[in-house]
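Single-structure report; data block below.
Every read-out reported here was derived from the displayed coordinates using simple, explicitly stated rules and does not represent laboratory data. Keep in mind it's a predicted model, so treat the numbers as computed, not measured. Every residue, glycine as well, gets a Cβ built from its backbone with ideal geometry; the counts of neighbours run over all protein chains shown.
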Amino acid sequence: MPKLFMPVPEVEESATRPVVLGIVRDLIELTGIPADTIISYPGDIEKVKQPGSANQQEAGVNNMSFGNKLSIVVDEQYEMERLLSTAVYYPENLFIFRDDRIETSIKPVYSSADMSINFKYRTNDKVAAMRWRDTIRARVAMMWDMRQHTAEYHYLIPPEFLVILQELHRMREAVDGYDETFEHWFKTNSTNNLTQLTTLAGTHASYGIVEKQLRIVGVFDFDGVPEAGSKEDEGDTWTISFSYKFKYDKPIGCAMFYPLMVHNQLVDQKYRPNPLVDIPDVAENTPHNCPLSVSAFSAFEKTNNPVSTMPGIAIPSFDEFFPNSIPTNTVRVFTALVDIDPTDPALLLSLKKLGSISIKPVVLDFLIGEVPFMFKDGGSIFTLNLYRDHDLLDKTHLSIDANLDIRATVPLSLRNYYHIRFGLNVDLTLIQQSALDRLRNNAAAAIAILSALDQSLVTNGLLPNMLGNSNLNYISRIDMMNAINAMNKQIITKGNRQQGYQMFTVESLVIKSFLKNN
Amino acid sequence: MPIVDPTQTSPVPQVPATGGVVATQPKYKGVTVDTEYVSSSALMTHIEGSSWTVNYYSQVLGADSALAGQNVNRNTIYQQYKLIQGLELKVTSPLTSVQDQETKAFSIVGTANLYPCIIPNEGDMFLADIGDGREGIFRITLSERKAIFKDTSHTIEYILIDYSTPERIGDLNMKVIDTLVFVRDFLKHGQNPLLQVEDVKIINELQGYYGELIARYFKSFLSNEYKTLIIPGQEIPIYDHFLVKTVMSIFTTYDCPEIQNVRILNIDDDDIMKSTTIWDMLKAKDRKMHKFCIRQAGLVSTKDFIRDPMMEGIYHTGVKYVVYPLDPMLSVDYGMKHKEKAIAIQTLIDTPSQVTNLNDLLGGNGLSGLTLNEVQPINKVLIDDYYIFSQAFYDREPTGLSMLEVCTNEYLDDKAPNMANLLTLCSTAHAWNRLENFYYIPILLILIKASIHSL
């Protein structure tokens, strides 16, 4: 499932300035600064606009140097302590768009901003300044120097996301659609805070999210009272400097999640992640064309893989399929994302035709004999499962014939996507004796499977010997038991079964024909 | 019993009556200084500097917005511009270029004054020719107000950002929410010089018609023999004193040089010829005169006017008849001094159009948007014996008016002119009958002038 982070198009005008000016106006009210005081908050140009040039301003008015004025300089720092714990992909923030039917969602990403507003308050005379200072003094005594604010701001949904959503909507409507317009679908699956912003002429409509952050604690940055201030110019004005601090979660971007398969159609190449860049785990697992030392290091890395990384092969290679559950004691050989052929909707996959990979011929020959047993619990070393979206379906939903064509026994919906998981039982003590015997009696396949499951059997000389002649080859019961015990011992020494299974990379069971994405 | 009785209203505070005392009487305009404001921006048309025409992108700002130059990556809803096409800067120090010897980067700066119609801000952008046939993008780096008065010009300093790359121009134009055109003539006449693009298009069209109509008018109706405007298509020369007097007072030789050949003939011996007519109402743009206008007119022989050769009266000019009011408001002297003139049996006769090609009348978009069944562009002058316009116009009836009469009513009532109707009238005028051309074109020209000034 592709995950994507995009920064919001603009933060300065949509969040920083509204939040700062909102808090400044709170302070004007709270500390008794006259309401008609001019707020001077120039942008990066560091110059204020000509009086009368803004929309709401009266024409023909001029600024003078001796009236009440509040000059602001804002210092914004990122809070270093929270930098690494910023939730980008992992669950923390509420979704702003979510449609579970096609597993698509968008949520915002915030970064903690440490704000310091430095004020220079010019009053029209000293009396006003001293009275204001005394008010603050009294309020500090009443513990009023710490206030809670509400920050109101908005941010735009990154336009790239809307492009992807439109593509997903197109695909959603193309096959077995809901007959729903994009606007309707987008609005009904979005948060109530969704709004549309335009220019003054009503053009360039953009979707944005309006948010309110409550309980932002702000505190004056002085001890007791602000400094006395001083007279600064030719008139009778008096200027006091002080600063005010607060922290808020500034929206910096949005994260989007969407499926690779929408209504039985694979999303276009440009919307798919590049496995070598966008999925670090996959990149680590496939060290191609790299020096020997890197390969060696990579092998070492594999033993420390995080739980979430799945061994085995994904078809197609860019498919990051993480199911909600897997059959116990099994390890993935491959999972394949299947598309439903409208002319033969039941046929899902043939184990003989896997595209870029193919199962080794010796194993394939053995597999044909295993067909009748594959859907019984412990009936075969092989397991075959069907997933709808991320959920494991009952075994009765699948069938396989002697030609190794896998078919669904129930009608499948075009609105969902399906995966076939072909796996191996790892703990061979848990499969039926008859299944083990069949494996034992097919020595070539057994050796291929065991050596694929556990490389250390080869290095430790525990791989069973092939007995018999060219017509009938088998391995002895004792050799088999030794190999099984050696594997189980490894799992036990890992302490955790799940982690133990991670060692079993069964990729050598298949032959990769080429390394391209498809 | 509750302490507060909600049924009892609190006493109304007594406010002393101020009586609205003002220092100076509003209507008295003496030398006493008072605070009445008279816009003088119309006088500020002579600003120092040489002209440089640019396309100016003025930032659209809210009270809390910060100034910013063009940020190509900024979303349009956070950076909006008002485009002023053809704004004239008054350059006081021309572009000077300096190349930094270390980086070899050019820095090109200049200074100019701006007309008072616009308040510049740091970060505004403009596009202008930079001298070698290439266009550059400039950014305002300084905006300085020249005076504290309400009407003031501004000085700007600017710096060249780049040649106008498609990326930057595309971004600027995408962020434009309103496009205005600077028309310097309007500034000279005390009007707002910033016009909407559509208005400029209409003005250009109307101005084109104005020149064409007036030239054609004098060519058609100025008689070389009588040296005045003579009613066309009649068997004998007939003179309309009211029309000639109006034409002479509203058009100048700038409009049409032939006007210097037009004489106003002497009919001054008859006070009735000084009656108020529809022409006076149009000139004064005064609806109140409607009641006093003469309504019907006939013809009177010039023999009835003074025949003293010393006076060069109309009798001696060769003109046979004069258009004469039928319902004049008589002055007190009149009855004593004059005897009533006999109204001629003769009347004006209709004259066909000089343009007979029907395709010409219907061609182009002259009649587009015009519902022929409902509103006629014009009524015949001779539809009834009312002077020029129909009885419906004089009686102020809501129906039966021609398009020209509707436009005239709009003009007199100070309503916004319907430009589409005016343009229709202009484009069909050449196909009107000659008598209609003679009377209606001066009215149409008055309407065009007024509608241009009303923008």
>> What is the ratio of the Cα radius of gyration of segment A:1-109 to 2.2 N^0.38 Å, with N the residue count, to two decimals?
In response: 1.56
> Per the Debye formula with a single identical scatterer at each Cα and no solvent contribution, what log10 I(q)/I(0) holds for segment B:41-192 at q = 0.16 Å⁻¹?
Replying inline: -0.91
>> Per-residue Cβ counts within 10 Å, from other chains only, averaged over A:194-201: what number is that?
In response: 4
> Whose amide H sits under 5 Å from the amide H of B:Q296, counting only residues 5 or more places off or on another chain, with H placed in the peptide plane?
Replying inline: B:L326, B:D327, B:Y387
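Given R₀ = 45 Å, FRET efficiency for A:D221-A:Q269 by Cβ-Cβ distance, to 0.05? Walk me through the numbers on the way to the answer.
Details: r = 54 Å, r/R0 = 1.19.
Calculated value: 0.25.
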> Within the protein assembly as shown, what percent of beta bridges assigned by DSSP are antiparallel, to the nearest 5?
Replying inline: 90
> Picking from A:L84, A:I491, B:F393, whose Cα lies most toward the positive end of the charge dipole for the protein assembly as shown (charges on Cβ: Lys, Arg +1; Asp, Glu -1)?
Replying inline: A:I491
> Taking the simple approach of a point 7 Å from Cα along Cα-to-Cβ for both B:A344 and A:M143, what is their distance in nm?
Replying inline: 10.7
> Percentage of Cα-Cα pair distances in the protein assembly as shown greater than 40 Å, rounded to whole percent?
Replying inline: 68
> Applying the Karplus parametrisation 6.51 cos²θ - 1.76 cosθ + 1.60 with θ = phi - 60° to the phi angles of segment A:130-140, what ³J(HN,Hα) value in whole Hz is obtained for each residue in order, glycine and proline being reported as x?
Replying inline: 5, 5, 5, 5, 5, 4, 4, 4, 5, 6, 5
> For the pair B:T179 and B:L382, what calculated FRET efficiency results from E = 1/(1 + (r/R0)^6), where r is the Cβ-Cβ distance and R0 = 45 Å, to the nearest 0.05?
Replying inline: 0.45
> About the Cα centre of segment B:156-302, what is the dipole size in debye to 20, counting +1 per Lys and Arg Cβ and -1 per Asp and Glu Cβ, all else neutral?
Replying inline: 440
> Taking amide H positions as placed 1.01 Å from N in the peptide plane, with prolines and chain starts having none, which residues 5 or more places from A:I39, or on another chain, fall under 5 Å of its amide H?
Replying inline: A:L70
>> Compute the distance from the alpha-carbon center of segment B:52-90 to that of segment B:252-282, in whole Å.
In response: 51
> Each label point is 7 Å from the Cα along the Cα-to-Cβ direction; what then is the distance between the points at B:I250 and A:T328, in nm?
Replying inline: 10.3
>> Run the reach check for A:K270 against aspartates and glutamates, Cα to Cα strictly under 17 Å, same-chain hits fewer than 8 apart removed. What comes back?
In response: A:E160, A:E167, A:D278, A:D319, A:E320
>> So if each residue of separation counts as 0.36 nm, and I subtract the Cα-Cα distance between B:K303 and B:D100, what length gain in nm does that give?
In response: 64.1 nm
> When you look at the Cβ of every residue in B:112-120, what mean number of other chain Cβ atoms sits within 10 Å?
Replying inline: 1
> Which Cα, out of A:V331, A:T37, A:Q166, lies furthest along the positive dipole direction of chain A (beta carbon charges, K/R +1, D/E -1)?
Replying inline: A:V331
> Can you give the Rg to Rh ratio for segment B:199-454, taking only C-alpha atoms and Rh from Kirkwood?
Replying inline: 0.96
>> If R₀ is 41 angstrom, what is the calculated FRET efficiency for the pair A:E58 and B:Q391, using the beta carbon separation as r and rounding to 0.05?
In response: 0.20
> In bins 10 Å wide, starting from 0, what share of all Cα pairs of chain A does each bin hold, as a percent?
Replying inline: 3, 14, 19, 17, 13, 11, 9, 7, 4, 2, 0, 0
> What's the tally of Lys pairs in segment A:140-259 whose alpha-carbon atoms lie under 21 angstrom apart, where the two lysines are 8 or more places apart or on different chains?
Replying inline: 4
> So which of B:K283/B:K449; B:K245/B:K283; A:K49/A:K120; B:K201/B:K283; B:K415/B:K449; B:K285/B:K320 end up more than 21 Å apart by C-alpha?
Replying inline: B:K201/B:K283; B:K285/B:K320
> Looking at B:Q101, B:N113, B:S153, which one has the Cα that reaches farthest to the positive end of the dipole of segment B:41-192 (charges on Cβ: Lys, Arg +1; Asp, Glu -1)?
Replying inline: B:S153
> Pairing the Cα long axis of helix A:159-174 with the longest principal axis of chain A, what angle in degrees results, from 0 to 90 and rounded to the nearest 10?
Replying inline: 40
> Taking the simple approach of a point 7 Å from Cα along Cα-to-Cβ for both B:S220 and A:T409, what is their distance in nm?
Replying inline: 9.7
> How large is the dipole of the protein assembly as shown about the Cα centre if only Lys and Arg carry +1 and Asp and Glu carry -1, each at its Cβ, rounded to the nearest 20 debye?
Replying inline: 1200
> Using 15 Å as the cut-off for backbone N distance, which residues of segment B:159-186 belong to the label zone defined by a point 7 Å from the Cα of A:K47 along Cα→Cβ?
Replying inline: B:159-161
> Using a cut-off of 17 Å between alpha-carbon atoms, which aspartates and glutamates can reach B:K104, once sequence neighbours fewer than 8 places away in the same chain are excluded?
Replying inline: B:D162
> Can you list the residues, at least 5 places off or on another chain, whose amide H is less than 5 Å from the amide H of A:C254, using H built in the peptide plane?
Replying inline: A:M6, A:V8, A:V109
